[in-house]
Amino acid sequence: MWSLYIDGASNMKGNGARIILEGPDNVTLEKSPKLNFKASNNQAKYEALIIGFKLATEVRAKMLRCYTDS
């Protein structure tokens with residue numbers, strides 16, 4: 001089973017997301033993209049979730065458990 005940890009943030013300096021995808025055999029993929037559009041904190045978290053789903057699709061994860069603070 002794969003685990004997806006996401007968070008997003010928005011402040012005066014910009015918007016960003018944090019994605020960590022952990023899989024079998026100690027595989028860990030991390031991304032911290034800057035979002036190039038104005039967003040609220042919740043919108044940044046949703047964008048992180050979408051990016052995380054795309055990443056999980058790329059590695060062909062069959063089962064995915066998602067973790068977020070929202």
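Key figures
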item	result
Accessible area of the chain divided out per residue, in Å², using a probe of 1.4 angstrom	72
For region 7-18, 3J(HN,Hα) per residue [Karplus equation, 6.51 cos²θ - 1.76 cosθ + 1.60, θ = phi - 60°, Hz, x = Gly/Pro]	7, x, 8, 9, 8, 4, 7, x, 10, x, 9, 10
Cα-centred dipole magnitude for the chain, charges only on beta-carbon of K, R (+1) and D, E (-1), debye, nearest 20	240
Candidate residues LEU49, LEU21: accessible-area rank, largest first, probe 1.4 Å	LEU49, LEU21
Cα-based convex hull volume of the chain per residue, rounded to whole Å³	75
Accessible carbon and sulfur surface of the chain relative to its total accessible area, %, 1.4 Å	51
3J(HN,Hα) from dihedral phi, region 39-48, Karplus parametrisation 6.51/-1.76/1.60, rounded to Hz, x for glycine, proline	8, 7, 4, 5, 5, 5, 5, 5, 5, 4
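The values are calculated or read from the model by the stated rules, or taken from the named source; none is laboratory data. None of the values given here were measured: they were computed from a predicted structure. Every residue, glycine as well, gets a Cβ built from its backbone with ideal geometry; the counts of neighbours run over all protein chains shown. All accessible areas refer to the heavy atoms of the entire protein, side chains included, with ligands and DNA or RNA removed. Shrake-Rupley method; radii C 1.70, N 1.55, O 1.52, S 1.80 Å.
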